[in-house]
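A short worksheet on the structure shown next.
Where a number appears in this text, it was derived from the coordinates with a stated rule and is not lab data. In this text the structure is predicted, and so the values were computed from the model without any measurement. Please note: Cβ atoms are built from the backbone with ideal geometry, for glycine as well, and neighbour counts cover all protein chains shown.
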Amino acid sequence: MRNIPIFVLVEAYVIGGLGGYVFYLGNLPLPWVLGALTSILLYQGIFNRQVYCPDPLKQSGFLILGLFFGLYFTKDTLLTVAPYILPYLLSTIALIAISIINSVLVTKWISVDRITSVFGSIPGGLSEMVIASESLNAKSSLVVIFQTVRLLTVLFMVPFVVLHIFSVSGSVPSTFIGSAYEFGGWQYVWFIPAAIAGVLLRNKIPAGIVIVPLGLTAFFNVSIVEMATLPPLLLIAAQITVGIGMGKGISFGDLKLGGKYCFVYFGLTVTLILVSFGLGTILAAMTSLNLPTAILSVAPGGLIEMVLTATSVGGDPAVVSSLQLVRLLFIIIVVPPMLKWYFGRKVETSNA
């Protein structure tokens, strides 16, 4: 830790914090995450300067967000979510199937192979999709680029559309989660095992740095003790940290490398988002979920971004996080092995 360039780190937080504040003043969705991400992306691209944000610091931002999300859970949450699991899984399978079909169809008109196209557009974790695609000799560099385009499109489009179109009337944007903050004293001790478990299991469970603290905090809050609230400024700092870390990993060079095909996969992502809105509307009609909650649960976005958006539009953050977790686990655990089996079988058939 002695070699951490403090001034360069401060530079990153100044740029990210200013970007978040500008987005906040503009009443834009997810201001502290997307503002920091945008400002860092532009800063690196315009000034050709790499900002500094060590991975442990970025991971700590995810961990803190997991603790915050866990506080949303009550004893009624599990009873609320249980009836929706089956229809939600059907919606998730439909979304994945449409993504695969569309990504295969476009390969008839562009010079991208099917395996690369599918792994580049499916709504899963970027790193997991890259690793799975490499085992099937796909062009992993293109998978990274197309997944980056998908990620940016979802991050900016879904919160904006939901905030301005599907928001529950009368809801007030809740940038400061837990604004009624009171010091919790000794109750903060309960956050320690959740944080330690998140660090220890971060590489052993998909998205473990968020999911484990979220799960344990929710468990403690529901069954053992009423957890203390966390300072709102801590949430803002965590969001800025995550935004800086995400912006640092994206470059204009990567986006340019994809060339004209970036627009193709941008179109695929927009199509998938529109389909997810339709599926979310159907889910809301079939269940007692309100429209923002259903749409954000089905939307092909990240768990963190969708839960933060839910807090701003009158959705239920606990339900959104629960269902997004189900989707995340299904995509990470089931989809890559299924695609590897399917494309592996096709390769064996062609070589026979």
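A few notes on this one:
- Net charge dipole size for region 6-351 [Lys, Arg +1 and Asp, Glu -1 on Cβ; Debye, nearest 20]: 860
- Per-residue extension of 0.36 nm, minus the Cα-Cα distance of Asp55 and Trp109, leaves a gain of 15.5 nm for this segment.
- Annotation for Ile6 and Thr287: the two label points, set 7 Å from Cα along the Cα-Cβ direction, are 4.9 nm apart.
- Full extension of the chain between Leu233 and Asn137 yields a length gain of 30.0 nm, computed as 0.36 nm times the residue separation minus the alpha carbon distance.
- Oblate is the label for region 7-125, because the ratio a/c of its alpha-carbon gyration tensor axes (a ≥ b ≥ c) is 1.5 or higher and a/b is not greater than b/c.
- Taking packing as the residue-averaged number of other Cβ atoms within 10 angstrom, the listed peptides 37-45, 113-121, 99-107 run from highest to lowest as 113-121, 37-45, 99-107.
- Taking each residue as 0.36 nm, the span from Phe219 to Val14 lengthens on full extension beyond its C-alpha to C-alpha distance by 70.2 nm.
- Zone residues, region 36-57, relative to Phe252, backbone N less than 17 Å from point 7 Å out along Cα-to-Cβ: 37-51
- Across Lys139/Lys248; Lys108/Lys248; Lys58/Lys340, pairs whose alpha-carbon gap is larger than 25 Å: Lys108/Lys248; Lys58/Lys340
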